[in-house]
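Asker: Structure provided below as structure tokens; questions to follow.
The values are calculated or read from the model by the stated rules, or taken from the named source; none is laboratory data. Bear in mind that the values here come from a model prediction, so they are computed numbers and not experimental data. Glycine also receives a Cβ, built like all others from the backbone with ideal geometry; neighbour counts cover every protein chain displayed. Ligands, DNA and RNA are excluded from the accessible area calculation, which covers all protein heavy atoms including side chains. Shrake-Rupley method; radii C 1.70, N 1.55, O 1.52, S 1.80 Å.
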Amino acid sequence: MRALAALALCACAAAAAAPPRPEPPLPGTHFLGSDLKALQADDFANPGLLWVARGEALWSEGAKPCAACHGEAARSMRGAAARYPRFDAGLGRVVNLEGRIDACRTGRQGLPAFAPESPERLALAAFVARQSRGMPLAVSVDGPARPVFERGRDLYRTRIGQLNLACTHCHDERWGKTLLAEPISQGHPTAWPAYRVEWQTLGSLQRRLRACFFGVRAAMPDYGDGDLLALELYLAWRGEGLALESPGVRR
Amino acid sequence: MNADERGWAVAGLCVVALGCAPLPARDEQGPLAGAGDAARGRAVFVAREGGHCVLCHAAPGVAVAGDVGPALGGIGSRLTPAQIRFRVVDITRVNPDAVMPAFHRTEGLSRVAAQHAGRPVLSAQQVEDVVAYLATLR
């Protein structure tokens, strides 16, 4: 009987652990209408490619350009975006791709960091991410990245805001159902930076996450906030194996 | 099974029961404000700045609706206005795992945006209006 009682307690404990990843894992593209799918797939129509082209130019601009250290991005940056966010030993902290670009700007190039969501920051991030298109997400959540991962995992299932919802309620338990006419995706971060039709511009994953906070009527964390970074890492782990699609197109 | 074992069994059952959302003995609530107006309630039901219930719930005569929650056609036949009100005010009193927001509760929430802090999603009168509307769905 004691064992049964313990089992009941264990069942409750298990329910409090990280939710299982959706099966089968499906990228956000799966939940788009055929028009936006086609827009994303066509390099001559996908608006995100404008930012990629700008990023390619920035890569070689200035007195100490990115290219001076990294050479040809197609070679040096191949697969890099699929491994972010990651623990950066030199910086002693977990950074996302944009954060790594900022660190190069301020540390190596002696330039001010780009402002969050500035066209230049998005352009460089989109250009670098483009070099990993089609490659599977593969982040490390061990070692020094572990506490950040756990923070993201815990926040992912914490009810927040006036509407009192956690990420997991929609993106684990109800993906595929519709809000008005829009299907709920699994919330995988493969498209970012992405061109979002609602914004009429390219935006980062952090901007998209802030929109979710706004949607549930919760206080939005600032860009670069530890909560957003932690969620990014958790989402990248959760989407492990899915192919990067940046620059994606989203509603 | 000895007395000690029976004690553990009861404890285990209690844990299971707590985890599995027992239905409350009472699931009705009296009016929060003056009589509701069904026409205003329908507006609350569909408006984004209202309850925006239509985001998740279909209802007769509503063209585009989500399907996260159950369709509400016939809800006025299945539940009394007092039962509908009980659920609209705070559905977690019926199902703690529900994703439907508690539309007239301000406690027990975290990280609420400043412009919404201390305010329920729907005012008392809006709750009455939406209850009046839902009661017409027979």
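Asker: What is the distance in Å between the Cα centres of region B:85-115 and region A:115-144?
Answerer: 37 Å
Asker: Just for chain A, what percent of DSSP beta bridges are antiparallel, to the closest 5?
Answerer: The antiparallel fraction comes to roughly 75 percent.
Asker: A follow-up question, please. Amide H to amide H under 5 Å from A:Thr201: which residues, 5+ apart in sequence or cross-chain, H placed 1.01 Å off N in plane?
Answerer: A:Arg196
Asker: How much accessible surface area, in Å² rounded to 10, belongs to the heavy atoms of A:Ser60 with a 1.4 Å probe?
Answerer: 80 Å²
Asker: Can you tally the net charge around A:Leu209? Count Lys and Arg as +1, Asp and Glu as -1, for every other residue whose Cβ sits under 11 Å from the Cβ of A:Leu209.
Answerer: 0
Asker: Which one of A:Thr168, B:Val46, B:Gly34 is farthest out on the positive end of the charge dipole of the protein assembly as shown, using unit charges on Cβ (Lys, Arg +1; Asp, Glu -1) and the Cα centre as origin?
Answerer: A:Thr168
Asker: Report the charge-dipole magnitude of region A:25-250 in Debye, nearest 20, computed about the Cα centre from +1 at each Lys and Arg Cβ and -1 at each Asp and Glu Cβ.
Answerer: Once rounded to the nearest 20, the dipole reads 260 debye.
Asker: Cβ under 11 Å from A:Trp199's Cβ, A:Trp199 left aside: what net charge do those residues give with Lys, Arg +1 and Asp, Glu -1?
Answerer: Spelling it out: positives minus negatives among the neighbours equals +3.
Asker: Something else now. Considering amide H positions built from the backbone, and no H for Pro or chain starts, which residues 5 or more places from A:Val139, or on another chain, come under 5 Å of its amide H?
Answerer: HN-HN under 5 Å from A:Val139: empty list.
Asker: Which sequence of A:Thr178, B:Thr136 reflects their accessible areas, 1.4 Å probe, from the largest down?
Answerer: Listed by decreasing accessible area, they come as B:Thr136, A:Thr178.
Asker: Between A:Phe44 and B:Glu49, what FRET efficiency comes out of the Förster formula 1/(1 + (r/R0)^6) with R0 = 51 Å and r the beta carbon distance, rounded to 0.05?
Answerer: 0.80
Asker: Quick one: check the C-alpha center-to-center distance for region A:79-107 versus region A:149-195, whole angstrom.
Answerer: After rounding, the separation between the Cα centres reads 25 Å.
Asker: Please give the calculated 222 nm ellipticity per residue for the protein assembly as shown, where each DSSP H segment of at least 4 residues contributes -39500 (n - 2.57) and the sum is spread over every residue; nearest 500 deg cm²/dmol?
Answerer: Taking each H run of at least 4 residues, the total per residue is -11500 deg cm²/dmol.
Asker: Right, something else. Return the sequence-ordered ³J(HN,Hα) values of region A:53-70 in whole Hz as given by the Karplus equation 6.51 cos²θ - 1.76 cosθ + 1.60 applied to θ = phi - 60°, using x for Gly and Pro.
Answerer: 5, 5, x, 4, 5, 4, 3, 10, 8, x, 5, 10, x, 3, 5, 4, 9, 9
Asker: Applying the Karplus parametrisation 6.51 cos²θ - 1.76 cosθ + 1.60 with θ = phi - 60° to the phi angles of region A:89-103, what ³J(HN,Hα) value in whole Hz is obtained for each residue in order, glycine and proline being reported as x?
Answerer: Once θ is set to phi - 60°, the couplings for region A:89-103 become 4, x, 8, x, 7, 7, 10, 8, 4, 5, x, 5, 5, 4, 5 Hz.
Asker: Right, another one. Show me you know the interface measure: the accessible area buried between A and B, both chains summed, probe 1.4 Å, in Å² to the nearest 100.
Answerer: The A and B chains share an interface burying roughly 2700 Å².
Asker: Can you compute 3J(HN,Hα) from phi for each residue in region B:124-138, using the Karplus curve 6.51 cos²θ - 1.76 cosθ + 1.60 with θ = phi - 60°, rounded to whole Hz and x for Gly and Pro?
Answerer: Karplus-based 3J(HN,Hα) across region B:124-138 equals 4, 5, 5, 4, 4, 5, 6, 5, 4, 5, 4, 5, 7, 7, 10 Hz.
Asker: Output the relative contact order of region B:27-135, whole-number percent, from Cα pairs under 8 angstrom with separation of 6+ residues.
Answerer: Relative contact order of region B:27-135: 41 percent.
Asker: What accessible area per residue comes out for region A:110-214, rounded to a whole number of Å², with a 1.4 Å probe?
Answerer: Per-residue accessible area for region A:110-214 comes out at 40 Å².
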